[in-house]
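Visitor: To start, I am sharing the structure in question, which I have written as C-alpha coordinates.
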Amino acid sequence: MEVFEAIQCRRSIGLVSDEAVSQEKIEKILEAGTWAPSHFRTEPWRYFVLTENGRKPLGQALVEIAKKDMEDPSTETNQKKLEKIAEKPFRAPVIIVAAVEPSDQPRVIEQEEYGAVYASIQNMLLATHALGLGGFWRTGKPCYDPIMNNLFGLSEKGKVLGFLYIGVPTRTPPEGKRRSVSEVAKWFSDEKGFTI
(Lines give C-alpha, C1' and ligand atoms only; values in the text may rest on other atoms or scores of the structure.)
Protein backbone atom coordinates (compact mmCIF):
# COMPACT_ATOMS: atom_id res chain seq x y z
CA MET A 1 0.00 0.00 0.00
CA GLU A 2 1.39 3.40 -0.99
CA VAL A 3 2.13 5.61 2.03
CA PHE A 4 -0.08 8.60 1.11
CA GLU A 5 -2.99 6.28 0.39
CA ALA A 6 -2.51 4.56 3.74
CA ILE A 7 -2.44 7.89 5.59
CA GLN A 8 -5.57 9.18 3.87
CA CYS A 9 -7.71 6.04 4.02
CA ARG A 10 -6.83 4.80 7.53
CA ARG A 11 -9.74 5.15 9.96
CA SER A 12 -10.30 4.32 13.60
CA ILE A 13 -12.30 1.09 13.57
CA GLY A 14 -13.85 0.08 16.87
CA LEU A 15 -16.03 -2.75 15.53
CA VAL A 16 -13.92 -5.87 15.04
CA SER A 17 -14.62 -9.60 15.17
CA ASP A 18 -13.38 -12.10 17.76
CA GLU A 19 -11.17 -13.72 15.10
CA ALA A 20 -7.61 -14.18 16.36
CA VAL A 21 -4.83 -12.06 14.88
CA SER A 22 -1.63 -13.97 14.10
CA GLN A 23 1.48 -13.35 16.17
CA GLU A 24 3.34 -12.60 12.93
CA LYS A 25 1.01 -9.68 12.18
CA ILE A 26 1.21 -8.38 15.73
CA GLU A 27 5.01 -8.47 15.57
CA LYS A 28 4.97 -6.53 12.28
CA ILE A 29 2.80 -3.88 13.93
CA LEU A 30 5.15 -3.65 16.91
CA GLU A 31 8.20 -3.43 14.68
CA ALA A 32 6.61 -0.56 12.75
CA GLY A 33 6.24 1.21 16.08
CA THR A 34 9.95 0.85 16.84
CA TRP A 35 10.89 2.71 13.66
CA ALA A 36 9.43 5.99 14.90
CA PRO A 37 11.88 8.86 15.43
CA SER A 38 13.15 9.58 18.94
CA HIS A 39 15.47 12.42 19.93
CA PHE A 40 18.90 11.13 21.01
CA ARG A 41 17.69 7.66 19.94
CA THR A 42 16.26 6.99 23.38
CA GLU A 43 13.50 4.70 22.00
CA PRO A 44 11.27 5.41 25.05
CA TRP A 45 8.36 3.24 23.91
CA ARG A 46 7.24 0.17 25.83
CA TYR A 47 4.56 -2.20 24.53
CA PHE A 48 2.40 -4.75 26.33
CA VAL A 49 0.44 -7.16 24.13
CA LEU A 50 -2.78 -8.46 25.67
CA THR A 51 -4.69 -11.38 24.15
CA GLU A 52 -7.16 -13.98 25.42
CA ASN A 53 -7.28 -13.97 29.25
CA GLY A 54 -4.34 -11.57 29.32
CA ARG A 55 -6.94 -8.83 28.78
CA LYS A 56 -8.71 -9.57 32.07
CA PRO A 57 -6.28 -7.72 34.41
CA LEU A 58 -6.74 -4.57 32.32
CA GLY A 59 -10.50 -4.83 32.89
CA GLN A 60 -9.93 -5.24 36.62
CA ALA A 61 -7.64 -2.19 36.66
CA LEU A 62 -10.26 -0.12 34.81
CA VAL A 63 -12.82 -1.19 37.43
CA GLU A 64 -10.58 -0.13 40.33
CA ILE A 65 -9.98 3.25 38.69
CA ALA A 66 -13.71 3.77 38.05
CA LYS A 67 -14.52 2.97 41.70
CA LYS A 68 -12.50 6.02 42.79
CA ASP A 69 -15.15 8.30 41.26
CA MET A 70 -18.11 6.45 42.78
CA GLU A 71 -19.61 7.45 46.10
CA ASP A 72 -20.84 3.90 46.65
CA PRO A 73 -19.54 1.25 44.20
CA SER A 74 -21.77 -1.41 45.81
CA THR A 75 -25.08 0.00 44.54
CA GLU A 76 -26.88 -2.07 41.90
CA THR A 77 -26.49 0.69 39.30
CA ASN A 78 -22.77 1.05 39.93
CA GLN A 79 -22.24 -2.72 39.95
CA LYS A 80 -23.77 -2.88 36.46
CA LYS A 81 -21.53 -0.04 35.32
CA LEU A 82 -18.46 -1.82 36.72
CA GLU A 83 -19.41 -5.08 34.98
CA LYS A 84 -19.52 -3.22 31.65
CA ILE A 85 -16.18 -1.55 32.36
CA ALA A 86 -14.58 -4.92 33.15
CA GLU A 87 -15.65 -6.17 29.71
CA LYS A 88 -14.14 -3.26 27.76
CA PRO A 89 -10.83 -5.03 27.00
CA PHE A 90 -12.78 -7.85 25.33
CA ARG A 91 -14.01 -5.58 22.51
CA ALA A 92 -11.03 -6.71 20.41
CA PRO A 93 -8.90 -9.88 20.32
CA VAL A 94 -5.66 -7.92 20.69
CA ILE A 95 -4.77 -4.87 22.74
CA ILE A 96 -1.36 -3.26 22.45
CA VAL A 97 -0.76 -1.04 25.46
CA ALA A 98 1.68 1.71 24.45
CA ALA A 99 3.61 3.41 27.22
CA VAL A 100 6.48 5.86 27.62
CA GLU A 101 9.49 5.38 29.89
CA PRO A 102 11.31 8.72 29.63
CA SER A 103 15.10 8.58 29.55
CA ASP A 104 16.93 9.99 32.57
CA GLN A 105 19.70 11.44 30.39
CA PRO A 106 20.12 15.11 31.44
CA ARG A 107 19.94 16.42 27.87
CA VAL A 108 16.64 14.65 27.11
CA ILE A 109 13.45 16.74 27.23
CA GLU A 110 10.64 14.63 28.71
CA GLN A 111 7.97 16.10 26.45
CA GLU A 112 9.92 14.86 23.41
CA GLU A 113 9.84 11.33 24.82
CA TYR A 114 6.05 11.48 24.78
CA GLY A 115 6.16 12.76 21.21
CA ALA A 116 8.28 9.78 20.16
CA VAL A 117 5.73 7.33 21.56
CA TYR A 118 2.86 9.18 19.89
CA ALA A 119 4.75 8.88 16.58
CA SER A 120 5.26 5.18 17.36
CA ILE A 121 1.50 4.76 17.89
CA GLN A 122 0.77 6.37 14.51
CA ASN A 123 3.24 3.99 12.85
CA MET A 124 1.44 1.05 14.46
CA LEU A 125 -1.98 2.32 13.37
CA LEU A 126 -0.74 2.67 9.78
CA ALA A 127 0.81 -0.81 9.88
CA THR A 128 -2.46 -2.21 11.27
CA HIS A 129 -4.33 -0.66 8.35
CA ALA A 130 -1.78 -1.87 5.78
CA LEU A 131 -2.24 -5.44 7.09
CA GLY A 132 -6.00 -5.23 6.48
CA LEU A 133 -6.86 -5.01 10.17
CA GLY A 134 -8.93 -2.51 12.11
CA GLY A 135 -7.40 -0.43 14.87
CA PHE A 136 -8.70 2.00 17.45
CA TRP A 137 -6.48 4.13 19.70
CA ARG A 138 -8.27 4.57 23.04
CA THR A 139 -7.04 7.02 25.66
CA GLY A 140 -8.54 8.89 28.58
CA LYS A 141 -8.05 9.52 32.26
CA PRO A 142 -7.58 5.84 33.28
CA CYS A 143 -4.40 5.66 31.15
CA TYR A 144 -2.60 8.05 33.44
CA ASP A 145 -3.70 6.57 36.76
CA PRO A 146 -0.98 5.09 39.03
CA ILE A 147 -2.89 1.78 38.97
CA MET A 148 -1.86 1.45 35.30
CA ASN A 149 1.77 2.07 36.20
CA ASN A 150 1.57 -0.70 38.79
CA LEU A 151 -0.20 -3.08 36.41
CA PHE A 152 2.47 -2.76 33.73
CA GLY A 153 5.49 -2.29 35.99
CA LEU A 154 6.24 1.26 34.85
CA SER A 155 8.37 3.70 36.83
CA GLU A 156 6.91 6.82 38.45
CA LYS A 157 7.95 8.81 35.37
CA GLY A 158 6.42 6.24 32.99
CA LYS A 159 2.89 6.59 31.62
CA VAL A 160 0.48 4.54 29.57
CA LEU A 161 -0.33 6.67 26.50
CA GLY A 162 -3.01 4.53 24.94
CA PHE A 163 -4.62 1.19 24.27
CA LEU A 164 -4.60 0.05 20.63
CA TYR A 165 -7.56 -2.26 20.09
CA ILE A 166 -6.81 -4.42 17.03
CA GLY A 167 -8.82 -7.02 15.12
CA VAL A 168 -10.46 -7.97 11.85
CA PRO A 169 -12.94 -5.21 10.93
CA THR A 170 -16.61 -6.10 10.68
CA ARG A 171 -17.51 -3.16 8.45
CA THR A 172 -16.02 -0.83 5.87
CA PRO A 173 -15.36 2.57 7.44
CA PRO A 174 -16.74 5.70 5.80
CA GLU A 175 -14.52 8.09 3.89
CA GLY A 176 -12.78 10.62 6.08
CA LYS A 177 -12.81 14.39 5.88
CA ARG A 178 -10.20 16.91 6.92
CA ARG A 179 -9.96 20.68 6.76
CA SER A 180 -8.04 22.07 3.82
CA VAL A 181 -4.31 22.53 4.36
CA SER A 182 -4.84 26.22 3.57
CA GLU A 183 -6.91 26.53 6.78
CA VAL A 184 -4.24 25.08 9.08
CA ALA A 185 -0.91 26.08 7.53
CA LYS A 186 0.79 29.48 7.22
CA TRP A 187 3.66 30.01 4.82
CA PHE A 188 6.55 32.41 5.47
CA SER A 189 9.10 33.34 2.84
CA ASP A 190 10.62 36.30 4.70
CA GLU A 191 10.81 37.68 8.24
CA LYS A 192 7.54 39.63 8.06
CA GLY A 193 4.61 38.44 10.17
CA PHE A 194 6.60 37.20 13.16
CA THR A 195 6.26 38.63 16.65
CA ILE A 196 8.80 37.97 19.40
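The values are calculated or read from the model by the stated rules, or taken from the named source; none is laboratory data. Note that this is a predicted model, so its numbers are computed, not measured. Reconstructed Cβ throughout: ideal geometry from the backbone, glycine too, with neighbour counts over all protein chains shown.
Visitor: Take Leu125 and tell me if it is in contact with a Phe, Trp or Tyr (Cβ under 8 Å, 6 or more places away or on another chain), touching a residue at least 12 places away in the same chain (Cβ under 8 Å), under 20 Å from Glu64 (Cα atoms) and not in a loop (DSSP other than H, G, I, E, B). Show your work before the answer.
Guide: Working: in contact with a Phe, Trp or Tyr (Cβ under 8 Å, 6 or more places away or on another chain): yes; touching a residue at least 12 places away in the same chain (Cβ under 8 Å): yes; under 20 Å from Glu64 (Cα atoms): no; not in a loop (DSSP other than H, G, I, E, B): yes.
So Leu125 fails the test.
Visitor: Among the candidates Leu58, Leu82, which residue alone is at negative phi, in contact (Cβ under 8 Å) with a residue 60 or more places away in the chain, buried (at least 17 other Cβ atoms within 10 Å of the Cβ) and part of a helix (DSSP H, G or I)? Let's see the steps before the verdict.
Guide: Numbers: Leu82 fails: in contact (Cβ under 8 Å) with a residue 60 or more places away in the chain.
After ruling out the rest, the residue left standing is Leu58.
Visitor: Ok, one more. Step by step: first the residues of the range 17-26, then only those that are over 16 Å from the mean Cα position of the chain (by Cα) and not polar (S, T, N, Q), then the one that is surrounded by the most Cβ atoms within 10 Å (Cβ to Cβ). Which residue is that? Break it down into steps so the answer makes sense when it comes.
Guide: Taking the range 17-26 first, the residues over 16 Å from the mean Cα position of the chain (by Cα) are 17-25.
Narrowing further to those that are not polar (S, T, N, Q): 18-21, 24-25.
Values: Asp18: 11, Glu19: 10, Ala20: 13, Val21: 19, Glu24: 9, Lys25: 17.
The selected residue is Val21.
Visitor: Please pick out the residue among Gly176, Gly132 that is farther than 30 Å from Lys67 by Cα, touching a helix residue (DSSP H, G or I) at 6+ places or on another chain (Cβ under 8 Å) and part of a loop (DSSP other than H, G, I, E, B). Let's see the steps before the verdict.
Guide: Numbers: Gly132 fails: touching a helix residue (DSSP H, G or I) at 6+ places or on another chain (Cβ under 8 Å).
So the residue among Gly176, Gly132 that is farther than 30 Å from Lys67 by Cα, touching a helix residue (DSSP H, G or I) at 6+ places or on another chain (Cβ under 8 Å) and part of a loop (DSSP other than H, G, I, E, B) is Gly176.
Visitor: Suppose we keep only residues that are basic (Lys, Arg) and more than 16 Å from the chain's Cα centre (by Cα) within the range 31-82. Which one would you say is nearest to Pro93 (Cα to Cα)? Walk me through how you get there before you give the answer.
Guide: So in the range 31-82, the residues basic (Lys, Arg) come out as 41, 46, 55-56, 67-68, 80-81.
Of the ones still in play, those that are also more than 16 Å from the chain's Cα centre (by Cα) are 41, 56, 67-68, 80-81.
Details: Arg41: 32, Lys56: 12, Lys67: 26, Lys68: 28, Lys80: 23, Lys81: 22 Å.
By that ranking, first place goes to Lys56.
Visitor: Which numbered condition trips up Ser120, out of (1) under 22 Å from Ile26 (Cα atoms); (2) touching a Pro at 6+ places or on another chain (Cβ under 7 Å)?
Guide: (2)
Visitor: Answer yes or no as to whether Arg107 is among the basic types (Lys, Arg) and touching a strand residue (DSSP E or B) at 6+ places or on another chain (Cβ under 9 Å). Talk me through it step by step, then tell me what you get.
Guide: On the way: among the basic types (Lys, Arg): yes; touching a strand residue (DSSP E or B) at 6+ places or on another chain (Cβ under 9 Å): no.
Against the criterion (among the basic types (Lys, Arg) and touching a strand residue (DSSP E or B) at 6+ places or on another chain (Cβ under 9 Å)), Arg107 does not qualify.
Visitor: OK, next. For the range 138-159, which residues satisfy the criterion of being in contact with a Lys or Arg (Cβ under 9 Å, 6 or more places away or on another chain) and part of a strand (DSSP E or B)?
Guide: Residue satisfying the conditions is Arg138 alone.
Visitor: While we're on this one: I'm checking my understanding of the structure. Among residues of the range 108-124 that are of a type in the set (Ser, Thr, Tyr) and within 20 Å of Val3 (Cα to Cα), which one is surrounded by the fewest Cβ atoms within 10 Å (Cβ to Cβ)? Lay out the reasoning, then the answer.
Guide: First, pick out the residues of the range 108-124 that are of a type in the set (Ser, Thr, Tyr): 114, 118, 120.
Still in the list and also within 20 Å of Val3 (Cα to Cα): 118, 120.
Details: Tyr118: 17, Ser120: 26.
Of everything passing the filter in the range 108-124, Tyr118 is surrounded by the fewest Cβ atoms within 10 Å (Cβ to Cβ).
Visitor: Among the residues that make up the range 88-99, is at least one of them touching a Pro at 6+ places or on another chain (Cβ under 6 Å), buried (at least 18 other Cβ atoms within 10 Å of the Cβ), part of a helix (DSSP H, G or I) and modelled with pLDDT of 95 or more?
Guide: The answer is no, given that none of the residues of the range 88-99 is touching a Pro at 6+ places or on another chain (Cβ under 6 Å), buried (at least 18 other Cβ atoms within 10 Å of the Cβ), part of a helix (DSSP H, G or I) and modelled with pLDDT of 95 or more.
Visitor: Yes or no: the range 139-154 includes at least one residue that is buried (at least 17 other Cβ atoms within 10 Å of the Cβ), touching a strand residue (DSSP E or B) at 6+ places or on another chain (Cβ under 9 Å), more than 19 Å from Leu50 (Cα to Cα) and among the charged types (D, E, K, R).
Guide: The answer is no, given that none of the residues of the range 139-154 is buried (at least 17 other Cβ atoms within 10 Å of the Cβ), touching a strand residue (DSSP E or B) at 6+ places or on another chain (Cβ under 9 Å), more than 19 Å from Leu50 (Cα to Cα) and among the charged types (D, E, K, R).
Visitor: Here's another thing I want to ask about it. Within the range 32-55, how many residues turn out to be on the phi < 0 side of the Ramachandran plot, touching a residue at least 12 places away in the same chain (Cβ under 8 Å) and out of contact with any Pro (no Cβ under 7 Å at 6 or more places or on another chain)? Talk me through it step by step, then tell me what you get.
Guide: We begin by selecting, within the range 32-55, every residue on the phi < 0 side of the Ramachandran plot; these are 32-39, 42, 44-51, 53-55.
Adding the requirement that they be touching a residue at least 12 places away in the same chain (Cβ under 8 Å) leaves 32-39, 42, 44-51, 55.
Subsequent filtering for residues that are out of contact with any Pro (no Cβ under 7 Å at 6 or more places or on another chain) retains 32-37, 39, 42, 45-49.
Matching residues across the range 32-55 total 13.
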